[in-house]
1. Under a straight-distance cross-link criterion of Cα-Cα below 15 Å, which aspartates and glutamates are reachable from K158, leaving out those fewer than 8 residues away in the same chain?
2. To the nearest 10 square angstrom, how much accessible area does W191 have with a 1.4 angstrom probe?
3. Which lysines have a Cα lying under 26 Å from the Cα of K305, excluding residues fewer than 8 positions away in the same chain?
4. Could you state the angle between the C-alpha long axis of helix 6-20 and the longest principal axis of the C-alpha atoms of the chain, as a value from 0 to 90 degrees rounded to the nearest 10?
5. Which entry in (i) 89, 56, 42; (ii) 51, 46, 42; (iii) 122, 41, 32 is this structure's computed Cα extents along the principal axes in Å?
6. Taking square-rooted eigenvalues a ≥ b ≥ c of the alpha carbon gyration tensor, is the stretch 60-108 rounded, prolate or oblate, where a/c under 1.5 means rounded and, failing that, a/b exceeding b/c means prolate?
7. List, in the order given, every pair from K144/K222; K47/K113; K113/K227; K35/K74 whose Cα-Cα distance in the structure shown is over 27 Å.
8. Using a 1.4 Å probe on the protein heavy atoms, what percent of the accessible area of the chain belongs to carbon and sulfur?
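The values are calculated or read from the model by the stated rules, or taken from the named source; none is laboratory data. Note that this is a predicted model, so its numbers are computed, not measured. Each accessible area value is taken on the protein alone, full model and side chains, heavy atoms only, with ligands, DNA and RNA left out. Shrake-Rupley method; radii C 1.70, N 1.55, O 1.52, S 1.80 Å.
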Amino acid sequence: MKRLPTRERLLEIINILQQETDDENQVGLQDIEQKLKHIYGDGAAVKREVLREDLSAIDAYNMSVTRNHGSHGKNLYSHQERLFELYELRMLMDAVLSARFMTTKDAQRLIDKIRHLTSEPQREKLQHHLYVDETVRNDSDLMKYDVNSLHIAMSDSKKVEFQYGHYNNDIVFTLRRDGMFYPVKPYALTWDNGFYYLIGEFELTNEIRHYRVDRMRHVRVKDETFKRPDFNVSEYMKTAFNMFAGKEADIEIQFSSNLLNIMIDRFGRDSNYEKVDEETFVIKTKAAISDGLVHWLLARGGEVKVLSPDDLIDRMKEAIMQLYEVYY
């Protein structure tokens, strides 16, 4: 009778518990014995008492092993404590699928890894049903490395430089400023509307700007360090509509009461809301005056009216007239 090496046997039992058991699926000593025979051959055998000692040792090693009584007094074993709950894994998978900055190949590879964070029976329940339009996905395999480089730069407070571009009228990706490298002090990475953005200080003008990471090329981490300022990312995101840049100003907007939840979602609960009547509210807050803000307000139609500032009112009127001229 072939004797299994203790270390190899313990590792295989741990693998069986991790891959094949959970709070709904258990195995008995006979099941474990049969699985070991399947792996090492019929000549391999382990006494039940040895298997019990192995399971006790695994449990003592800080990998919890749950024992329950089955029919006819049979002991059943399982590993139920998981790093992630099933619903958490589903949310991670949905987030990956919704991330337009990932290539289809990278997204699928990451989803497969997420599915392996639980047992095989639970894995079958992690079939993703979220639909994502593949035509809007990023097609650059290099972006994941750029994101990693930016994280390293921020962790080490190092400056970065990169080329930046966009698609021209021929739908060809073209570098801006004749391929000039943008020197930037990186403050934060954020995720908005399915895209990664770098927020940082553009050194040539000392302005805080943001850049789509999927539109960067040849990201370099420089040796030069900088002192990180006290920068509030959430406040910046609150004022930057659809990641359009603009000068921050106090704004006052009148809106229909049925838009209250939309306004709270966009401006937060702490903004200054004033109830005019049962059908009307006024909000006073700060926002970057930009095309992004104008387009967002226009999408609300006649249910919003800008009360101030005057330059935002003028931009709204101009946009409305441009839209009018398209159709009349």
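1. Here the aspartates and glutamates satisfying the reach criterion relative to K158 are D146, E201, E203, D223, E224.
2. 120 Å²
3. By straight Cα distance, K305 reaches K238, K247, K275, K284, K286, K317.
4. On a 0 to 90 degree scale, this one is about 50.
5. This structure yields the entry labelled (i).
6. It comes out prolate by the Cα gyration axes.
7. K47/K113; K113/K227
8. Answer for the chain: carbon and sulfur cover 48 percent of the accessible area.
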